[in-house]
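The structure's right below; bear with me while I get my questions together.
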Amino acid sequence: METNQNRVNFGSKIGAILAAAGSAVGLGNIWRFPYETGNHGGAAFILIYLLCIVVLGLPIMMAEFAIGRHSRANTAGAYKVLAPGTPWRGVGYMGVLAGFLILSYYSVVAGWTLEYTWQAVGNGFAGMNAEGYTQFFADFSANPWRSLLWMLVFMLMTHWVIIKGVKKGIEKSAKIMMPVLFILILVLAVCSVMLPGAGAGLEFLLKPDFSKVTPDVFLGAMGQAFFSLSLGLGCLSTYASYFGKDTNLSKTALSVGLIDTLVAITAGLIIFPAAFSVGVSPDAGPSFLFITLPNVFQMAFGSVPFLAYIFSVMFYVLLALAAFTSTISMHEVVTAFVHEDWKLSRTKAAWCVTIFCTLLGVFSALSFGVLADMKIFGLTFFDFLDTLTSKVMLPLGGMLISVFAGWYLDRRIVWEEISNNGSLKVPFFKLYIFILKFVAPIAIGFIFLNELGLW
Ligand code: TRP
């Protein structure tokens, strides 16, 4: 196995933070967060989500960082290094599988962002109204060829960065793309909040109604927290295996968590005011972002068509780029595993992942059209994979990771990683271990039992 000293590293600390943030910030924030919030009744969901980020997300992220950097291996390899001969490597295998499954349906939505970029460049949305956008989305997503084509393009783009490697591919793209994305979503949020009738959207987003809180809301919020932070499947532990020795793990986790949360909330500030302003229902599901956004540009800049054009093109490009830094990270999890564990060359490993993921993705893509009636547990193939991964596999993975770091792993290893061998002060260390040992696993277990009605 390719471990230890001669393994590649990110070139800089800021590069490491941005790569991890690039993984975290993606469709999960801008596409999934708004529709999950919409499906689960708004502000109360967001509060529980924030709680999950702080209590579960940050501690587990630090644990993933520690596991990855200490073992300097892919996620399954990490458990073989840290717990040789034990069943713990199963956590790694489950993570690789989850990464593979998520990548397969995520790339479908990522493909949609390319279609929307394409339309925006050709000014194809000009002059449509709210019903027009809804119809456009329904027609496009049901069209087998277009969505398959774009998904394939997206997978090949991801493939291309992966074979370029960690430093030139992953780090460089994240460093350029992330800052531009932040600026643009801020501008759009300001525009959206100023739309006529935006108040109802803001209220939905900010005023909690606890009567809407059901066990589903808890599970949804927890799943969203894991999904959005790229947690639970060893993605960030794989990235941390490329971190330098002096990267401060707790600070990095805090930065990534903050950036990710800010982007999600700002995306909410863009989408909800606009949706309420034109009467798009917030529980529209996966289509929510795509039927609302064109309205934002139309209404915010409609009187100056040139601005509407520029802003929409830029936004869709950046949305695609945000998705891109995330697909890269998922692809990397699986590729690093196939490369190091099955001993294929990196390029061959990457091809395996690209080809099989695309094949599986076909079913998700078609589940908006010709396969819409193929149901598993009453869900379309796309929804089934999303539910299975984000609401079961990721939280379960997170629970096992926190048990592993809290109970199994030598306390000294955790301390060495969090304190960079004693060079950083970690006054919160005892509390941290307490959270890993008790708080996080019990909270996740409670949410599972609660959902199953066993509580
Ligand atoms: N967090 C990314 C997003 O919000 C998606 C993602 C990338 C992910 N890597 C992951 C989700 C690993 C779960 C696990 O779009």
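The values are calculated or read from the model by the stated rules, or taken from the named source; none is laboratory data. Since the model is a prediction, treat every value here as computed from it, not as a measurement. Here the Cβ is made from the backbone with ideal geometry for all residues, glycine too, and neighbour counts use every protein chain on show. For the accessible areas, the whole protein counts, side chains as well, though only heavy atoms, and no ligand, DNA or RNA atoms are used. Shrake-Rupley method; radii C 1.70, N 1.55, O 1.52, S 1.80 Å.
Would you mind checking the pairs K164/K343; K172/K343; K245/K430; K245/K425 and listing those with alpha carbons more than 20 angstrom apart?
Beyond 20 Å: K172/K343; K245/K430.
Amide H of T380: which non-local residues (sequence gap of 5 or more, or other chain) have their own amide H closer than 5 Å, using H built in the peptide plane?
none
May I pose another question? Filter the DSSP H helices in the chain by two things, a Kyte-Doolittle mean of at least 1.6 and an axial alpha-carbon span of 24 angstrom or more, and list the hits by number.
172-193, 249-278
Can you compute the helix-only [θ] at 222 nm over the chain? Use -39500 (n - 2.57) per DSSP H run of at least 4 residues, normalise by all residues, nearest 500 deg cm²/dmol.
After summing the helix terms and dividing by residue count, I get -22500 deg cm²/dmol.
Okay, next question. Ignoring ligands, DNA and RNA, what accessible area per residue does the stretch 105-217 give at 1.4 Å, in Å²?
48 Å²
What per residue convex hull volume, in Å³, do the alpha-carbon atoms of the stretch 206-320 yield?
155 Å³
Please arrange K391, K430 by accessible surface area, largest first, computed with a 1.4 Å probe and ligands excluded.
K430, K391
Relative contact order of the chain, please, whole-number percent, based on alpha carbon pairs below 8 angstrom and at least 6 residues apart.
Across the chain, relative contact order equals 33 percent.
Separate question: For I413 and Y93 in one chain, what is 0.36 nm times their gap in residues minus the Cα-Cα distance, to one decimal in nm?
113.0 nm
Averaged over all directions, how much area does the convex hull of the C-alpha atoms of the stretch 325-455 cover when projected, in nm²?
The Cα convex hull of the stretch 325-455, projected and averaged over all directions, gives 11.8 nm².
Okay, moving on. I'd like the distance between the alpha-carbon centres of the stretch 351-428 and the stretch 243-307, rounded to an integer number of Å.
About 22 Å separates the Cα centre of the stretch 351-428 from the one of the stretch 243-307.
So, taking all protein chains as they sit and a 1.4 Å probe, how much accessible area belongs to K175, in Å² rounded to tens?
For K175, the solvent-accessible surface is approximately 90 Å².
Using 7 Å Cα-to-Cβ label points, what is the F428/A372 separation (nm, one decimal)?
4.7 nm
7 Å from Cα along Cα→Cβ at both L206 and V81: what's the point-to-point distance in nm?
4.7 nm
To continue, here is another question. Taking a probe of 1.4 angstrom, what is the accessible area of R346 in Å², to the nearest 10?
60 Å²
Just how much of D246 is accessible, in Å², when a 1.4 Å probe is used and the result is rounded to the nearest 10?
D246 has an accessible surface of roughly 90 Å² with all protein chains in place.
Order K80, K207 by their accessible area, 1.4 angstrom probe, all chains in place, largest first.
My answer, sorted largest first, is K207, K80.
Here's a follow-up. Write down the Kirkwood hydrodynamic radius of the chain, to one decimal in angstroms, obtained as one divided by the mean of 1/r over all alpha carbon pairs.
22.0 Å
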